[in-house]
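J.: Sharing a structure with you now.
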Amino acid sequence: MGRRVLVTGGTRGIGAAIARRLHAASYAVAVNYHGDDASATRFRDETGIRAYKWDVADFSACEAGVAQVTKDLGGPIEVLINNAGITRDAVLHKMSPELWHEVIETDLTSCFNLCRLTVPAMRDAGFGRILNIASVNGQKGQFGQTNYVAAKAGMVGFTKALALESAAKGITVNALAPGYIETDMVASVPKPILERIVGQIPVGRLGRAEEIARIAAFLVADDASYITGSTISVNGGQYMA
């Protein structure tokens, strides 16, 4: 059995694609989810991957979840994929504090929660891989998404700082910034808006979750030990940072 992995938001979309790919490569994979029991059950039945339900925005829930995953996988988490994320779009002058905090806590504070709970064991072991799933919109900005953009841009800064703190301990910390990918989140975008977005993508199409998973699998491999503090853009040329 390969290294022990936790993927948050791992039963659908990009998270599920990453979990499937790592599972196929003989990693010991566990996934987290929060709201959709039906999707989690279907994912678990199809893959045989363990799925655990808790709110990544809640530190105490993360603490209990990580403890259970550690017990079930037979040891500390060695590879952490912070993928869980939500959108609650509104222009700032109409955005409620609740919409702001819900996105910040789920998308950004979750990175602190899970890293805080897994990094100490990685440091003790002299090995770790952390991959934070950011977004093209965290790089370029997006109308009506000050909360989401702030969270994803914050994730990039968090990645750089934690990479500096962790490099001497054999832990790499990187970010992936996908563009618009064929997921449930993107499918909820109104069709006229989505058509305009696709028209701005030089390759002329949405990305596929499997394309993100292939890059994720490389970045968390043992061989990727000299890549840390990086943000890898995967957006079809929509934004060239």
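Readers should treat all values here as calculations from the given coordinates under stated rules, not as data from a laboratory. Owing to the predicted nature of the structure, the values given are computational and were not obtained by experimental measurement. Quick reminder, even Gly has a Cβ in these numbers, built from the backbone with ideal geometry, and neighbours come from all protein chains shown.
J.: Can you tell me which residues in the range 138-197 are more than 23 Å from T11 (Cα to Cα) and among the polar types (S, T, N, Q)?
T.: If the condition is that a residue be more than 23 Å from T11 (Cα to Cα) and among the polar types (S, T, N, Q), then Q139, Q142, Q145, T146, N147, T159, S166, T172 are the ones that fit.
J.: While we're on this one: Could you identify the single residue in D36, D89, D45 that is more than 26 Å from M122 (Cα to Cα) and free of Cβ contacts under 8 Å to residues at least 24 places away in the same chain? Steps first, please.
T.: Values: D36 fails: free of Cβ contacts under 8 Å to residues at least 24 places away in the same chain; D89 fails: free of Cβ contacts under 8 Å to residues at least 24 places away in the same chain.
One residue alone meets the criteria, D45.
J.: Does the range 125-148 hold any residues that are in contact (Cβ under 8 Å) with a residue 24 or more places away in the chain, assigned to a helix (DSSP H, G or I) and of a type outside the set (K, R), and which are they? Walk me through it before giving the result.
T.: Just the residues of the range 125-148 that are in contact (Cβ under 8 Å) with a residue 24 or more places away in the chain, to begin with: 125-136, 138-140, 143-148.
The next check asks that each one be assigned to a helix (DSSP H, G or I); those that pass are 125, 136, 138-140, 146-148.
The answer is A125, V136, G138, Q139, T146, N147, Y148.
J.: For the condition surrounded by 21 or more Cβ atoms within 10 Å (Cβ to Cβ), more than 16 Å from the chain's Cα centre (by Cα) and either closer than 19 Å to Q238 by Cβ or among the polar types (S, T, N, Q) (or both), what is the one hit in N147, N174? Talk me through it step by step, then tell me what you get.
T.: Values: N174 fails: more than 16 Å from the chain's Cα centre (by Cα).
Exactly one residue qualifies, and that residue is N147.
J.: Only one of I201, I130, I197 is among the β-branched types (V, I, T) and within 14 Å of S230 (Cα to Cα). Can you tell me which? Let's see the steps before the verdict.
T.: Numbers: I201 fails: within 14 Å of S230 (Cα to Cα); I197 fails: within 14 Å of S230 (Cα to Cα).
Exactly one of I201, I130, I197 is among the β-branched types (V, I, T) and within 14 Å of S230 (Cα to Cα), namely I130.
J.: Quick check, is A161 in a helix (DSSP H, G or I) and not hydroxyl-bearing (S, T, Y)? Quick ask: steps written out before the conclusion?
T.: Details: in a helix (DSSP H, G or I): yes; not hydroxyl-bearing (S, T, Y): yes.
Spelling it out, A161 is indeed in a helix (DSSP H, G or I) and not hydroxyl-bearing (S, T, Y).
J.: Considering the range 1-26 alone, what residues qualify as being within 15 Å of R129 (Cα to Cα) and either touching a Pro at 6+ places or on another chain (Cβ under 8 Å) or surrounded by fewer than 20 Cβ atoms within 10 Å (Cβ to Cβ) (or both)?
T.: Selection gives G2, R4.
J.: Among D184, D124, which is the only one that is among the acidic types (D, E) and under 30 Å from G204 (Cβ atoms)?
T.: Numbers: D124 fails: under 30 Å from G204 (Cβ atoms).
Just one listed residue meets the conditions, D184.
J.: If you don't mind, another one. Of the residues E210, E195, which single one is of a type outside the set (A, V, I, L, M), under 22 Å from G85 (Cα atoms) and either touching a residue at least 60 places away in the same chain (Cβ under 8 Å) or surrounded by fewer than 15 Cβ atoms within 10 Å (Cβ to Cβ) (or both)? Write out each step before concluding.
T.: On the way: E195 fails: under 22 Å from G85 (Cα atoms).
Going through E210, E195 in turn, just one is of a type outside the set (A, V, I, L, M), under 22 Å from G85 (Cα atoms) and either touching a residue at least 60 places away in the same chain (Cβ under 8 Å) or surrounded by fewer than 15 Cβ atoms within 10 Å (Cβ to Cβ) (or both): E210.
J.: Tell me, which residue of the range 27-43 that is more than 15 Å from the chain's Cα centre (by Cα) and of a type in the set (S, T, N, Q) is surrounded by the fewest Cβ atoms within 10 Å (Cβ to Cβ)?
T.: Going residue by residue through the range 27-43, those that are more than 15 Å from the chain's Cα centre (by Cα) are 27-28, 35-43.
Still in the running and of a type in the set (S, T, N, Q): 39, 41.
Working: S39: 16, T41: 12.
Applying the filter and picking the extreme gives T41.
J.: Just one of (1) free of Cβ contacts under 8 Å to residues at least 24 places away in the same chain; (2) over 21 Å from L22 (Cα atoms) trips up K71, so point out which.
T.: K71 satisfies all of (1) free of Cβ contacts under 8 Å to residues at least 24 places away in the same chain; (2) over 21 Å from L22 (Cα atoms) except (2).
J.: Restricting to the range 92-124, and then to whatever is in contact (Cβ under 8 Å) with a residue 24 or more places away in the chain and among the hydroxyl-bearing types (S, T, Y), can you tell me which residue is surrounded by the fewest Cβ atoms within 10 Å (Cβ to Cβ)?
T.: Of everything passing the filter in the range 92-124, T109 is surrounded by the fewest Cβ atoms within 10 Å (Cβ to Cβ).
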